[in-house]
Structures are given as structure tokens and as C-alpha cells.
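Trainee: One structure, pasted below without further comment.
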Amino acid sequence: MSAPDDAELARLQAEAEAAEAALKLAQAKAALAAAQAARAAAGGSEADAGGSEAAAADDAGAADSEEKTDAEDDIPASAPRNPPSPRNVTPDAEAPASAASPTGPLDADEIAAVVAGYTFEGQTLDLGALMNTEPVPAAQIRIPLAMMNRHGLVAGATGTGKTRTLQGLAEQLAEKGVPVFAADIKGDLSGVATPGEPSDKLIARTQAIGQDWTPTASVTEYFALGGIGKGVPVRATVSGFGPLLLSKVLGLNATQESSLGLVFHYADANGLALVDLSDLRAVLTYLTSDEGKAELKTLGGLSAATAGVILRELITFADDGADVFFGEPEFDVRDFLRVAADGRGVISLLEVPGIADKPALFSTFLMYLLAELFEILPEVGDADKPKLVFFFDEAHLLFKDASKDFLAAITQTVRLIRSKGVGVFFVTQTPKDVPSDVLAQLGSRVQHALRAFTPDDAKALRATVGTYPKSGYDLERVLQELGTGEAIVTVMSEKGAPTPVAWTRLRAPQGLMSPTPDPDIERAVHASPLLAKYGTAIDRESAREILTAKMNAAAEAEAAEEAAAAKAKADAEYATQQAAIAKADAAAERERQKEYDRLMKASGGTSRTRTTRKVEKSPLEQVLGSKATQTILTSVIRGMFGTGRR
């Protein structure tokens, strides 16, 4: 390659000077915008200082413009009069370092557009500072607080800082009086309840983005799904959970899902409360038993085979330990909407490490809580701030293998719950994890770094880039080069329009960025007023007890009927035996009489008859019974005993 001639060197020098001038102008404009915003926030109390700063900015802008004009006058006729944007300029090795690097992807006008796009009138949540290779502290990236109920997405590969982003948003929401609900998958979100620990690296980072970092603890309530963990138990009844969500957890197909709905309908129609899984098993067992077969036939479309499949899935589900998540007292989701005495919102953390091996149950349970909020909360329209912000972590688990009915229910809930004052932020790895119908409802997006190690990853990356508005970034490259704690951001402005795409270095959370120690969590749980309300499980009469009594009564009635039948049979057999005995006795009597008659006839006597007649006396009886014999005997007795008269 030949060495550049003098004209080429002059052109490059002019382009570098022009780029430096443009960047200085952008800095001045950003400083002016920041000063104007500060003045507006202060209510004009510092108008003089703001005016001085604005004048200085104007002077700097004028100087930059003059310098740029002088540089352009030195450009040879062969060089282009309009230099390319800074992202296409070869950096000058001797150019001084500045807050906005000369090699940054955005030019001055684009930086100014970003500053204007993220300047709002109402309350905001600060996300961080614009990155143009280096942070631009004057260009703060924010989300309007009133737009938090328009939902959002926090996405990125593992280890890119999604959890810290979630923590920072939760802290600021709570500080502004908005309750927050979040699932603590790994247990490290619990640090919001403990003030952060400063370090030189942390202070340097926060100062570079214009963050006034102060260690702060947030008001936090700990919950545990089904009581597995240290938090206040959160339970649901099977009836409240419903057939649609339960089918998702059990992995049922569409036919089995509709059949389970019929079982729920039967239970409701017959006053059978489905409190826990044993109640649902009892209903299915009854319907597939001899006693319930007739009622099973009345449920059109529910076959005994399908009921048997559902019953087997329930048994397996319960054996895996899932039965502890269902029962009473059922959690009242209004307890997520609490505000502390000092006006700060309460951050409700749902501890779920104990069910890490049951991701479908965890994600579906979160959907149940969201559906309950939609069911019970009144309409509030567009409020100044949301009533609750719900962070849905590991959202891809919710949509995996979901039926059409289930996806339709999620889409409807997300679309309509905004008017109830609830904002939903899905936290996952890529936007493709979220169905397009749901993704279309999400107004704010914080996209952390993506990896493209496989063809599928590259395809997902290109699809993600295609969902962003047009910007000055090469997003396919930038998304792979983002550092930890950096993200591509676009939010919904107060006017309902998307803000410019901004490469952002995010603010650091002010709470502890590691788990709160277990003893502190346990003390907080024992001091919670909700522990007395939900701590002890209740087992009231429900479908299992009712059907057990019904089946026992049927069994007792059947046993009594069988006993009566057996007694009747025994009595009949006894009567038959008695008749046979009587008949045999009569026959024997006839045989004896016949034999007697034969013997009497053979001895010359007269046979006995049954008629009454005079029996002839023997000769001895005749002698003893004569009067002479009686007179003689009387005389002898008197003589012997002296009883006769003399």
C-alpha cells in the first residue's frame, strides 16, 4: 500500500478536527439539556446559575461551530465538504479524550436526539447513562413512572446483569411508593433488604455515569411457595388454580385439558370444594368407581380412560411433593399491594429455590397470582404511577409447551391488566422466548448482551435486532459486545411513542448485590404480620371428606343389604332344614308305629290305636282289686297299728 500524499493527510486531519468539533457541540447541548432539566425540577430557584450554564454552553457551541468552520475552510477542494459520521471516521491518535469518544457510534445530532427523547415531565426511574463507547453522564436514560404499567421486557444471556437491572428497578419503584412483586429464583434478590457495600470499583463506575450512589435498604417481605423455604407460605386452592393452569402443570394435551374442565364443573355443580390435590383425586376416583359410573356418563366427553390418565398424572404430581403448594389458607394477592408506614412500597420476594426442579409449576403459579390480581383489582385507567409492578422471572418456562387456550389467556391478561394499574415485566434470555402477541404488549425493553455461538443463536440475534426501531447502532454487533451491566434500551414515552434506541450503562443497585444473610431473613419473617395469617395450614371439610363419607355410606348400605340378604338366605335354608327334619321325624314315627303294630300282632295282642278305650286288667290286678281282698287287708292293718275302734 502506497503512503498517503499530503492532500490525503490534510483531508484526514480536517475530518478528525470536524469530528472533534461535532462531539464538543454534542457535549454542550447535553449539558444545556441537563441544566434545563435541573432548573425545571428546582422550580426555577436556580435560574441565574442555569442561565450562566446555558450561556457557557452557548459560548462553547459557538466556539465549536467556529472551529468547525475554520477546519472546513482548510479542506482541499478534492475532499468532501460533508465529513462522514463519527462511526465511520478514523480516530486521531492525538485527539483528547472526552466523555463521548470520537469513535462512538452516535454523532452529535443523534446524541441530542437521545437526550431529548429521554427528557420527561413527570416522575421517572433512572436506568443509567448513554454509552457512546464511553459513558455520557449528561445523557441520562429514564423510564416514565406512569408508563411502568405498559409492561416491559428485560432480556439477555446468563450472567449479563438481568438480576441487577431488576433489583435497581425494584428499589426505585419502592422508593416512589409503588409495591413490587418479584420471584427470587437464585436467592440473590434478597439483598434489596440490606444496604449495599461500597467499593472503589463501584464508586468509580457510578460516578462515571452520574449516579449519586448511596447504600439503601428497601422494605421487603419474604414469601415461600407452599411453605418450602424461609418465607411466609403462599398457597392456592385447586379450585382457585383452575383447570387451565393445572393442565399446563400436569402436561395434559388439549383433550385431557377439556376433560379436566368437566371434572371441575362437576365438582362445582355438586358442592364439592377442591381445596388440595387429594380432593381432585377423590373426585376422579369416585367418578371412575362403581358408585360414580352413572354420574360419569352424564359428563359428556369424559371417558373413563381419560379420567384414569388424569388421575395417574395427579398421583405422580403429588408424589413429587407438589401437593404442599395447594391448600388453605389461600393467599390473598391484595397483600402484595402494601405500602410501608413511611410511604415506601413493599418489595415482595417469592422464594423458589426449593422448587428449582419444578419450573413448570413455578412459572404457572406466578401466572395464577397475576390472574388473581386481574380478577380482583378494580379498573383505574391511566394513573400517575402503577399500583403494582410484577416481575415475571424465567418467563420462557411459562410459554414452553403451552396450549393455545393457555397462551390466549396469558395474552388477554397482559393486555387488560394494564387498566387495573399493574405493570408486568417479563425477564428471560431472548425476546423470542415470549410469543409475539405478548411481546407486542410490552412498551419498554432492556436488552442485555446476547450470545451467538450456534446457528440458532445467530438466528435469534437477527430476529431480536429486527424488533427494534431504526437507530444509529449496528445492533447485531453491539448486542454481542455489550459489557456486563450494559443494555440496549427503548421505552414508551409519556406520549405513548417509543424513545430512541440507547446503548446504556445501567445504574448500580443501592442494596446489597448478594443474598441477605439467612438469620436476617428469618428475623424478618418471624416479625411479619402475615405469618399469623398464612403460617398454619387448614384442613376443612372438602370434596375428599364429602365423597369419602358418601362412599362409606354407600359401602355400609351395601354391606347391610348384603347382610340382610345373607340372613334371609340363612333363614330360608333353616326353614327348609326344619321342614326336612319334621318330614323325616314324621316318616320315622310312621315306621315305628308300623313296627309296633306288627310286633303286637305277632304276640297276639291288640295293637295300639289313637282312640280312647277301656284297658283290660290282669288276673293279679283283678284279685287285688276285689272287695274281699280290700276288707281283709284293712283288718290286718288295723290290728297291726291299733287304729281300729274297740
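Trainee: Which numbered condition in (1) surrounded by 22 or more Cβ atoms within 10 Å (Cβ to Cβ); (2) closer than 22 Å to T206 by Cα; (3) in contact with a Ser or Thr (Cβ under 7 Å, 6 or more places away or on another chain) is the only one that P509 fails?
Mentor: P509 satisfies all of (1) surrounded by 22 or more Cβ atoms within 10 Å (Cβ to Cβ); (2) closer than 22 Å to T206 by Cα; (3) in contact with a Ser or Thr (Cβ under 7 Å, 6 or more places away or on another chain) except (3).
Trainee: May I ask you to verify whether A566 is within 30 Å of the chain's Cα centre (by Cα) and without any contact (Cβ under 8 Å) to a residue 40 or more places away in the chain? Write out each step before concluding.
Mentor: Values: within 30 Å of the chain's Cα centre (by Cα): no; without any contact (Cβ under 8 Å) to a residue 40 or more places away in the chain: yes.
No.
Trainee: Working carefully through the options G159, G128, G177, find the one that is modelled with pLDDT of 95 or more and in a loop (DSSP other than H, G, I, E, B). I'd like the intermediate steps shown before the answer.
Mentor: On the way: G159 fails: modelled with pLDDT of 95 or more; G128 fails: in a loop (DSSP other than H, G, I, E, B).
From the options G159, G128, G177, the qualifying one is G177.
Trainee: Taking into account only those residues within the stretch 199-219 that are part of a helix (DSSP H, G or I) and open to solvent by less than 50 Å² (accessible area, probe 1.4 Å), which is nearest to G343 (Cα to Cα)? So that I can check it myself, show each step before the final result.
Mentor: First, pick out the residues of the stretch 199-219 that are part of a helix (DSSP H, G or I): 200-208.
Subsequent filtering for residues that are open to solvent by less than 50 Å² (accessible area, probe 1.4 Å) retains 202, 206, 208.
On the way: L202: 29, T206: 27, A208: 31 Å.
So, considering only residues that are part of a helix (DSSP H, G or I) and open to solvent by less than 50 Å² (accessible area, probe 1.4 Å), the one nearest to G343 (Cα to Cα) is T206.
Trainee: Just the residues that are over 21 Å from S542 (Cβ atoms) and open to solvent by 30 Å² or more (accessible area, probe 1.4 Å), please, taken from the stretch 245-285.
Mentor: Across the stretch 245-285, the qualifying residues are G251, N253, A254, T255, Q256, S258.
Trainee: Okay, next question. Return yes when S419 is more than 27 Å from N253 (Cα to Cα) and at pLDDT 85 or above and no when it is not. Before the answer, list the steps.
Mentor: Values: more than 27 Å from N253 (Cα to Cα): yes; at pLDDT 85 or above: yes.
So S419 fits the description; yes.
Trainee: For the stretch 220-242, name all the residues that are touching an Asp or Glu at 6+ places or on another chain (Cβ under 8 Å), open to solvent by 40 Å² or more (accessible area, probe 1.4 Å) and either modelled with pLDDT of 95 or more or closer than 28 Å to L260 by Cα (or both).
Mentor: S239
Trainee: Hey, among the residues in the stretch 133-166 that are β-branched (V, I, T) and farther than 19 Å from P509 by Cβ, which one's surrounded by the most Cβ atoms within 10 Å (Cβ to Cβ)? If you could, list the steps in order and put the result at the bottom.
Mentor: Taking the stretch 133-166 and keeping what is β-branched (V, I, T), we get 133, 136, 141, 143, 154, 158, 160, 163, 165.
Subset that is farther than 19 Å from P509 by Cβ: 133, 136.
Details: T133: 16, V136: 30.
So, considering only residues that are β-branched (V, I, T) and farther than 19 Å from P509 by Cβ, the one surrounded by the most Cβ atoms within 10 Å (Cβ to Cβ) is V136.
Per-residue answers, yes or no, for (1) touching a residue at least 24 places away in the same chain (Cβ under 8 Å); (2) in a loop (DSSP other than H, G, I, E, B); (3) within 19 Å of V114 (Cβ to Cβ); (4) touching a Ser or Thr at 6+ places or on another chain (Cβ under 9 Å):
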residue: A460; (1), (2), (3), (4): yes, no, no, yes
residue: A463; (1), (2), (3), (4): yes, no, no, yes
residue: Y473; (1), (2), (3), (4): yes, yes, yes, no
residue: T484; (1), (2), (3), (4): yes, yes, no, yes
residue: I488; (1), (2), (3), (4): yes, no, yes, yes
residue: T504; (1), (2), (3), (4): yes, no, yes, no
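Trainee: Would you check which residues across the stretch 431-480 are of a type in the set (F, W, Y) and more than 27 Å from A129 (Cβ to Cβ) and list them?
Mentor: First, pick out the residues of the stretch 431-480 that are of a type in the set (F, W, Y): 453, 468, 473.
The answer is F453, and nothing else.
Quick grid of which residues meet (1) open to solvent by 20 Å² or more (accessible area, probe 1.4 Å); (2) among the hydroxyl-bearing types (S, T, Y); (3) more than 27 Å from N552 (Cβ to Cβ):
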| residue | (1), (2), (3) |
| --- | --- |
| L287 | no, no, no |
| K297 | yes, no, no |
| G300 | yes, no, yes |
| E313 | yes, no, no |
| A322 | no, no, yes |
| F325 | no, no, yes |
| E328 | yes, no, no |
| V339 | yes, no, yes |
| G345 | no, no, yes |
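Trainee: Oh, and also: Just give me the residues in the stretch 460-488 being of a type in the set (D, E) and buried (at least 19 other Cβ atoms within 10 Å of the Cβ), in sequence order.
Mentor: Start the filter on the stretch 460-488 by keeping residues that are of a type in the set (D, E), which leaves 474, 476, 481, 486.
Within the stretch 460-488, E486 is the sole residue that qualifies.
Trainee: Could you list all residues from the stretch 342-370 that are modelled with pLDDT of 90 or more and over 10 Å from the mean Cα position of the chain (by Cα)?
Mentor: Residues satisfying the conditions are D342, G343, R344, G345, V346, I347, S348, L349.
Trainee: Confirm whether E558 is in a helix (DSSP H, G or I), at pLDDT 80 or above, open to solvent by 90 Å² or more (accessible area, probe 1.4 Å) and not aromatic (F, W, Y).
Mentor: Answer is no for this residue.
Trainee: Moving to a separate point now. When E494 is evaluated against the numbered criteria (1) open to solvent by less than 20 Å² (accessible area, probe 1.4 Å); (2) touching a Pro at 6+ places or on another chain (Cβ under 6 Å); (3) charged (D, E, K, R), which criterion, by number, is the only one it fails?
Mentor: (1)
Trainee: Given the structure, is T499 surrounded by 11 or more Cβ atoms within 10 Å (Cβ to Cβ), among the hydroxyl-bearing types (S, T, Y) and over 30 Å from Y222 (Cβ atoms)?
Mentor: Working: surrounded by 11 or more Cβ atoms within 10 Å (Cβ to Cβ): yes; among the hydroxyl-bearing types (S, T, Y): yes; over 30 Å from Y222 (Cβ atoms): yes.
So T499 passes the test.
Trainee: Taking the stretch 429-459 as the region of interest, how many residues are open to solvent by less than 60 Å² (accessible area, probe 1.4 Å) and under 23 Å from F406 (Cβ atoms)?
Mentor: Total meeting the criteria: 9.
Trainee: Counting residues that are of a type in the set (V, I, T) and more than 21 Å from M492 (Cβ to Cβ), which strands (runs of 3 or more DSSP E) fully inside the stretch 344-444 reach at least 1? Please lay out each step first, then the result.
Mentor: Details: elements: 347-351, 388-392, 422-428.
It comes to 347-351.
Trainee: Taking the stretch 385-407 only, how many residues are at pLDDT below 90, more than 17 Å from the chain's Cα centre (by Cα) and either within 17 Å of L349 (Cα to Cα) or surrounded by fewer than 14 Cβ atoms within 10 Å (Cβ to Cβ) (or both)?
Mentor: 1
Trainee: Residue under question is K583, and the condition is that it be over 30 Å from N270 (Cα atoms) and either in a helix (DSSP H, G or I) or at pLDDT 85 or above (or both); does it hold?
Mentor: On the way: over 30 Å from N270 (Cα atoms): yes; either in a helix (DSSP H, G or I) or at pLDDT 85 or above (or both): yes.
When the stated conditions are applied, K583 passes them.
The values are calculated or read from the model by the stated rules, or taken from the named source; none is laboratory data. Everything quoted here is computed from the prediction, not taken from an experiment. Note that each Cβ is placed from the backbone with ideal geometry, even for glycine, and that neighbours are counted across all protein chains shown. What goes into the accessible areas is simple: the full protein's heavy atoms, side chains included, and nothing from ligands, DNA or RNA. Shrake-Rupley method; radii C 1.70, N 1.55, O 1.52, S 1.80 Å.
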